[in-house]
Amino acid sequence: TAAVVGEGFLARDITFENTAGHAKHQAVALRVGSDLSAFYRCDILAYQDTLYVHSNRQFFINCLVAGTVDFIFGNAAAVLQDCDIHARLPGPGQKNMITAQGRKDPNQNTGIVIQKSRIGATSDLLLQTAGNMSYPTYLGRPWKEYSRTVIMQSEISDVVHSAGWHVWDADFALATLYYAEFGNSGPGANTTARVDWEGYKVIGNESEVVGFTAEERAFRQKTRRRLIIVGISSILLVGIIIGAVAGVVIRNRKSGGSGSDADKLPPTESPAASLKAVCSVTQYPSSCYSSITALEGGSNSSDPEVLFRLSLRAAMAELSKLKDFPAAIQLPSDIANDTMLRQAINVCAAVFEDSVDRLNDSIASITAQPAGEGKQQQVLSRTWLSAAVTDLDTCLDAVQLRAILEQLNSAMENSTELASNSLAIVTKVLGLLSDFNIPIHRRRRLMTAEAESDSGFPRWVSDGDRRMLQQVGGAGGLRPNVTVAQDGSGNFTTIAKAVELIPKKSLWKYIIYIKQGTYKENVILDKHRWNVLVYGDGKDKTIVSGSLNFVDGTPTFDTATFAVQGKNFMARDMKFINTAGPEKHQAVAFRSGADMSVYYRCSFDAYQDTLYPHSNRQFYRDCDITGTIDFIFGNAAVVFQGCKIQPRQPMSNQFNTITAQGKKDPNQNTGISIQKCDFTPLSANLTARTYLGRPWKDFSTTVIMQSSIGGFLNQLGWLPWVSGVEPPNTIFYAEYQNTGPGSSVAGRVKWAGYKPALTKDEAARFTVGSFIQGGAWLPATSVAFDSAL
């Protein structure tokens, strides 16, 4: 009756029916060969061969499928979730077969999965059977040699025969098929009398069926457009997007055979239902709904973009109140003069202000979004909101005292939830618009892939900036705006004095040349210092040195010898060191929260917490990073290429962990990607146990790929944050195509969140072009980079 083949097809509230009847045998109601297709609240009605899931990836949710013989058949990767699967009264001499899956090749990634559904019968069949098996119904039979069907977490009525499954012809395919049941309930779910075929199994372990869920299996295939539909809320959003954005009017599905004209009117999704669906993708749906409805216009809009803007306004209102809180904290008299605590509270004040700026950036970008840049602005908003969430978390990391932490947690609760809500909406709602190629307000979606630079740099580095990085080099390079020289031959003898001259929010590159020498000072370029390039005479010649540390009373955030916040910062041929030593614990050499920042031929030298890529997008090329514990840590979206990662000998009771990534919210687009780098000890005396990293936060994300790893690495590869406690399965730690004696994954940890061997497509997500959108900004820096694998 209806057949769809084109990619990305969506249907909602439609009845597809073939009325030929059982006497006419095969008569399909709906045939689907559309990849990444989704069906929501649809009825698919016929007798034999009702639903033909022919090929590609398909998802059905809240649908009704009714039929008799082989009424769900084909060779797609199809998931039916929260559906009603009803056998109906067949013709004389017929048996009901719910499925007939057609996988012919063992390497095909296809199959039928019925999850969290209800398997029963229509009223006509129930009346005829009345408890006997005159018209037996089976879960399926193998149409082809490698037929694959999984029924899981579903309610099965007693209409299903106790044997469960039926042969196609004698013993055909019984040893090569894969039929399985997991976690089902109801009178027909008892598996004690099921078939005893070699290919049939009852699964008892949840981990064995994860691969058959919508996210993990049916939608796992090589594709540049990564679409994951994992549940009811996502499909609700598809419906809202169709109705509210695209303006598509879809006929309502028929209700229970009433035949009334009212039942056939097009559906309209109320603003309240739209908002609930949008908020359902967040971690805090209640606060999402209440905060948006409290705003003007929040109760009468179904437009996802409008709702996103309102969520930003709600978050901004809370953050604006929060930024004044640190100054109002009342400390008990016994700690009122605690200098380190006061400094930690000052860190909170600074990051709260930064988080407000991040939200302002998001609001401004989405408001001023020109035609054709919807995808780009969605990525930018996600980047800035990720940074805002990181800023809030940084405050809690800085404050150690429990009594003050309780005050802060209470004060920050609303801000944290609402910022997270906005991040979830831009990730899952506006991201879904892009995935389905649905324009907002007639805006054209960018259809071409992000261009890659011939030099390998991300495109967000302009041609001019790239030339600067290539040409700058002492007297023979570009003319700097200001020169720093200890011998008095420049404009200033200290870097701090030069920084004072940097214009605020400059749209033009401001260049500082720092001549050879060791500058013992702590330097801060605040968020207002944009487009700054600092360069020296070489990473072993121009050195900035500090020694602030945690043990002596400075919060980790403030220990940085050199710290930058303003966007488009670049550094070349410089060395940044913290000389505090291992006994002083956290002592940062360099901290960056600068978006679209680039570091070329630089050296970062310390012990614990050497390099702190705090937030936003960052790129490091041909750099040296040296340290002991967590010596690359933070929650930026950061890529290292062609760098030397050099663990050194720590104190006698310490181990080395190269990374400690801090992703706290699942919707943040952050993580550490180390590609084509060289992992070697700083010196031959390294004997301490050394690991690639440990997960600092619940969604910690780190990928090591195409790198050379020396034999110094402990075979486990990774270390838990808390000794003896396996990290949550929400982390993402992975390795891809590494070489060297330490690259073998045979002895690696067995955590659920660790992937010892990514596919090429999975690894591609963490390249410069994909992970930090480098093709849009890096070419301008003139720093060589590899945009892809």
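The values are calculated or read from the model by the stated rules, or taken from the named source; none is laboratory data. Remember, it's a predicted structure, so these values are computed and weren't measured experimentally. Cβ placement follows ideal geometry from the backbone for every residue including glycine, while neighbour counts extend to all protein chains displayed.
So if I check each of 15, 19, 99, which one is among the β-branched types (Val, Ile, Thr) and crowded, with 22+ Cβ neighbours inside 10 Å? Quick ask: steps written out before the conclusion?
Working: 15 fails: crowded, with 22+ Cβ neighbours inside 10 Å; 19 fails: crowded, with 22+ Cβ neighbours inside 10 Å.
Just one listed residue meets the conditions, 99.
Identify, from the list 693, 711, 724, the residue that is crowded, with 20+ Cβ neighbours inside 10 Å and small (Gly, Ala, Ser).
693
Residue 741 is checked against (1) out of contact with any helix residue (DSSP H, G or I) (no Cβ under 9 Å at 6 or more places or on another chain); (2) not in a loop (DSSP other than H, G, I, E, B); (3) not charged (D, E, K, R) and fails just one. What number does that condition carry?
Exception for residue 741: condition (2).
Could you list, in sequence order, all residues of the range 384-419 that are out of contact with any Phe, Trp or Tyr (no Cβ under 8 Å at 6 or more places or on another chain), closer than 18 Å to residue 550 by Cα and touching a residue at least 40 places away in the same chain (Cβ under 8 Å)?
399, 400, 401
So, in the range 134-148, exactly how many residues are basic (Lys, Arg) and either surrounded by fewer than 24 Cβ atoms within 10 Å (Cβ to Cβ) or in contact with a helix residue (DSSP H, G or I) (Cβ under 8 Å, 6 or more places away or on another chain) (or both)? Quick ask: steps written out before the conclusion?
Of all residues in the range 134-148, those basic (Lys, Arg) come to 141, 144, 148.
Checking which are either surrounded by fewer than 24 Cβ atoms within 10 Å (Cβ to Cβ) or in contact with a helix residue (DSSP H, G or I) (Cβ under 8 Å, 6 or more places away or on another chain) (or both) leaves us with 144.
Adding up the residues that qualify gives 1.
Please name all residue pairs, on different chains or six or more residues apart, with Cβ atoms under 6 Å, provided the first residue is in the range 634-647 and is in the same structural domain as residue 701 (by TED's automatic domain parsing) and farther than 21 Å from residue 593 by Cβ and the second residue is of a type in the set (Lys, Arg) and surrounded by 24 or more Cβ atoms within 10 Å (Cβ to Cβ).
Between residues of the range 634-647 that are in the same structural domain as residue 701 (by TED's automatic domain parsing) and farther than 21 Å from residue 593 by Cβ and residues that are of a type in the set (Lys, Arg) and surrounded by 24 or more Cβ atoms within 10 Å (Cβ to Cβ), the close pairs are 642/621.
In this structure, is residue 654 over 29 Å from residue 279 (Cβ atoms), buried (at least 24 other Cβ atoms within 10 Å of the Cβ) and in contact with a helix residue (DSSP H, G or I) (Cβ under 9 Å, 6 or more places away or on another chain)?
The answer is no for residue 654.
Across the range 673-700, what is the total count of residues that are closer than 14 Å to residue 722 by Cα and of a type in the set (A, V, I, L, M, F, W, C)?
Adding up the residues that qualify gives 1.
Considering only the range 698-738, state which residues are assigned to a loop (DSSP other than H, G, I, E, B), closer than 25 Å to residue 767 by Cβ and of a type in the set (Ser, Thr, Tyr).
Scanning the range 698-738 gives 700, 707, 730.
Considering each of 688, 684 in turn, give the residue that is in the same structural domain as residue 623 (by TED's automatic domain parsing), more than 20 Å from residue 640 (Cβ to Cβ), out of contact with any Cys (no Cβ under 9 Å at 6 or more places or on another chain) and exposed (fewer than 15 other Cβ atoms within 10 Å of the Cβ).
684
Just give me the residues in the range 91-123 being over 12 Å from residue 68 (Cα atoms), outside any loop (DSSP other than H, G, I, E, B) and either of a type in the set (A, V, I, L, M, F, W, C) or out of contact with any His (no Cβ under 9 Å at 6 or more places or on another chain) (or both), in sequence order.
101, 111, 112, 113, 114, 115, 119, 123
How many residues, within the range 42-58, are among the charged types (D, E, K, R) and either modelled with pLDDT under 95 or more than 14 Å from residue 3 (Cα to Cα) (or both)?
Narrowing the range 42-58 to residues among the charged types (D, E, K, R): 43, 49, 57.
Subset that is either modelled with pLDDT under 95 or more than 14 Å from residue 3 (Cα to Cα) (or both): 43, 57.
Of the residues in the range 42-58, 2 are among the charged types (D, E, K, R) and either modelled with pLDDT under 95 or more than 14 Å from residue 3 (Cα to Cα) (or both).
Which of the following residues is over 19 Å from residue 287 (Cα atoms) and either surrounded by fewer than 19 Cβ atoms within 10 Å (Cβ to Cβ) or not assigned by TED's automatic domain parsing to the domain that holds residue 290 (or both): 335, 345?
Only one candidate qualifies: 335.
Could you check how many residues of the range 47-96 are surrounded by fewer than 24 Cβ atoms within 10 Å (Cβ to Cβ) and of a type in the set (Val, Ile, Thr)?
Final tally of qualifying residues: 1.
Go through the range 540-582 and give me each residue that's in contact with a Phe, Trp or Tyr (Cβ under 9 Å, 6 or more places away or on another chain), over 26 Å from residue 349 (Cα atoms) and charged (D, E, K, R).
572, 573, 575
Having 2 or more residues that are β-branched (Val, Ile, Thr) and more than 26 Å from residue 382 (Cα to Cα) is the bar; report the strands (runs of 3 or more DSSP E) wholly within the range 622-665 that clear it.
By residue number, 624-627, 656-661.
For the range 244-302, name all the residues that are within 24 Å of residue 418 (Cα to Cα), touching a Leu at 6+ places or on another chain (Cβ under 9 Å), part of a loop (DSSP other than H, G, I, E, B) and at pLDDT below 85.
Selection gives 297, 298, 299, 301, 302.
Any residue that is hydrophobic (A, V, I, L, M, F, W, C), in contact with a Cys (Cβ under 8 Å, 6 or more places away or on another chain) and either modelled with pLDDT of 90 or more or in a helix (DSSP H, G or I) (or both) - is there at least one of those in the range 350-363?
Looking through the range 350-363, at least one residue is hydrophobic (A, V, I, L, M, F, W, C), in contact with a Cys (Cβ under 8 Å, 6 or more places away or on another chain) and either modelled with pLDDT of 90 or more or in a helix (DSSP H, G or I) (or both).
Sort through 121, 100, 193 and tell me the only one that's touching a helix residue (DSSP H, G or I) at 6+ places or on another chain (Cβ under 8 Å), small (Gly, Ala, Ser) and at negative phi.
121 is the lone residue from the list that is touching a helix residue (DSSP H, G or I) at 6+ places or on another chain (Cβ under 8 Å), small (Gly, Ala, Ser) and at negative phi.
Can you work out which of the residues in the range 281-326 that are in contact (Cβ under 8 Å) with a residue 40 or more places away in the chain and hydroxyl-bearing (Ser, Thr, Tyr) is surrounded by the most Cβ atoms within 10 Å (Cβ to Cβ)?
311
Within the range 136-146, can one find any residue that is aliphatic (A, V, I, L, M) and either at pLDDT below 95 or over 15 Å from residue 202 (Cβ atoms) (or both)? Don't jump to the end; show me each part of the working.
Of all residues in the range 136-146, those aliphatic (A, V, I, L, M) come to 139.
This time we only want the ones that are either at pLDDT below 95 or over 15 Å from residue 202 (Cβ atoms) (or both), so: none.
The answer is no; no qualifying residue exists.
Out of all the residues in the range 181-190, is one or more assigned by TED's automatic domain parsing to the domain that holds residue 54, of a type in the set (D, E, K, R) and surrounded by fewer than 17 Cβ atoms within 10 Å (Cβ to Cβ)? Walk me through how you get there before you give the answer.
Taking the range 181-190 and keeping what is assigned by TED's automatic domain parsing to the domain that holds residue 54, we get 181-190.
Filter once more, so that each one left must be of a type in the set (D, E, K, R): 181.
Within this subset, residues satisfying the condition of being surrounded by fewer than 17 Cβ atoms within 10 Å (Cβ to Cβ) are none.
Within the range 181-190 (the criterion being assigned by TED's automatic domain parsing to the domain that holds residue 54, of a type in the set (D, E, K, R) and surrounded by fewer than 17 Cβ atoms within 10 Å (Cβ to Cβ)), the answer is no, since none of the residues qualifies.
From the list 702, 759, 730, exactly one residue is more than 18 Å from residue 634 (Cα to Cα) and among the β-branched types (Val, Ile, Thr). Which is it? Break it down stepwise before answering.
Working: 702 fails: more than 18 Å from residue 634 (Cα to Cα); 730 fails: more than 18 Å from residue 634 (Cα to Cα).
Selected residue: 759, the only one of 702, 759, 730 that is more than 18 Å from residue 634 (Cα to Cα) and among the β-branched types (Val, Ile, Thr).
Here is a list: 11, 46, 23. Which entry is more than 21 Å from residue 102 (Cβ to Cβ) and touching a Gly at 6+ places or on another chain (Cβ under 7 Å)?
The unique qualifying residue is 23.
Do we have residue 512 as out of contact with any Phe, Trp or Tyr (no Cβ under 6 Å at 6 or more places or on another chain), closer than 28 Å to residue 776 by Cβ and crowded, with 19+ Cβ neighbours inside 10 Å here?
Numbers: out of contact with any Phe, Trp or Tyr (no Cβ under 6 Å at 6 or more places or on another chain): yes; closer than 28 Å to residue 776 by Cβ: yes; crowded, with 19+ Cβ neighbours inside 10 Å: yes.
Criteria met by residue 512.
Name the strands (runs of 3 or more DSSP E) wholly inside the range 1-73 in which the number of residues that are of a type in the set (Phe, Trp, Tyr) and in the same structural domain as residue 83 (by TED's automatic domain parsing) is 1 or more.
Strands (runs of 3 or more DSSP E) meeting the threshold: 15-17, 37-40, 51-53, 57-61.
Is it true that some residue in the range 154-166 is of a type in the set (Asp, Glu) and without any contact (Cβ under 8 Å) to a residue 12 or more places away in the chain?
no
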